[in-house]
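Written below as structure tokens is the structure these notes are about.
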Amino acid sequence: MGLLIHIGGDMNLDKKKCIINWCLVALISLACLTGTTPGIWAQEQPVELLEISPVPSIEPEGTIVPLVFDGKGRIDRLDGEEIVVGDRLRRLTGSALFYTKLGKVSNRDLFHQGDLVGYLKNKHNEITAVYKLK
């Protein structure tokens, strides 16, 4: 809301001062009616923004499904410490985990030839996690 007052050049100085004083009293009265004081306007500090950390993709019930896999394909063979996915033989780590489509820990016995999976590898090119995709 803006207030524009034009005080003509033909008025004497005392009348101009009186009008300006009346406007100031009116503005202060309006500020008091709205529950704020002019002193607060001049003392407001900028709001400090908080940092937000990135959050991993979380599915319902606290399960986590990666957004990117190191590899995907159909299981050709799964036995012992090896898995063949898309005609590539990969070694499983001793602690490799198997997950359902929703990212819940699953039993390795529920994975079969023909299942579409995604997997994650460690720096030694061994599979650490297998996710059932379909």
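The values are calculated or read from the model by the stated rules, or taken from the named source; none is laboratory data. Here the structure is a predicted model, which is why all the values come from computation and not from measurement. Positions of Cβ are backbone-derived with ideal geometry, glycine not excepted, and every protein chain shown enters the neighbour counts.
A few comments on the model shown:
- Filtered by the rule that a residue be under 14 Å from Phe69 (Cβ atoms) and crowded, with 16+ Cβ neighbours inside 10 Å, region 99-114 gives Tyr99, Gly103.
- Count of region 66-93 residues which are touching a Lys or Arg at 6+ places or on another chain (Cβ under 8 Å) and loosely packed, with under 11 Cβ neighbours inside 10 Å: 0
- Meets criteria (under 28 Å from the mean Cα position of the chain (by Cα), small (Gly, Ala, Ser) and at pLDDT 85 or above) for Gly94: no
- Considered as a group, the residues in region 121-134 that are under 28 Å from the mean Cα position of the chain (by Cα) and surrounded by 17 or more Cβ atoms within 10 Å (Cβ to Cβ) include one that is nearest to Leu67 (Cα to Cα), and that residue is Tyr131.
- Cβ-Cβ distances below 7 Å connect the following pairs, each with a first residue in region 76-90 that is in contact (Cβ under 8 Å) with a residue 12 or more places away in the chain and under 12 Å from Gly114 (Cβ atoms), a second residue that is of a type in the set (Ser, Thr, Tyr) and surrounded by 12 or more Cβ atoms within 10 Å (Cβ to Cβ), and a separation of six or more residues or different chains: Val85/Tyr119.
- Taken together, Ala31, Ala42 contain a single residue that is at pLDDT below 75, over 22 Å from Phe111 (Cα atoms), small (Gly, Ala, Ser) and in contact with a helix residue (DSSP H, G or I) (Cβ under 7 Å, 6 or more places away or on another chain), which is Ala31.
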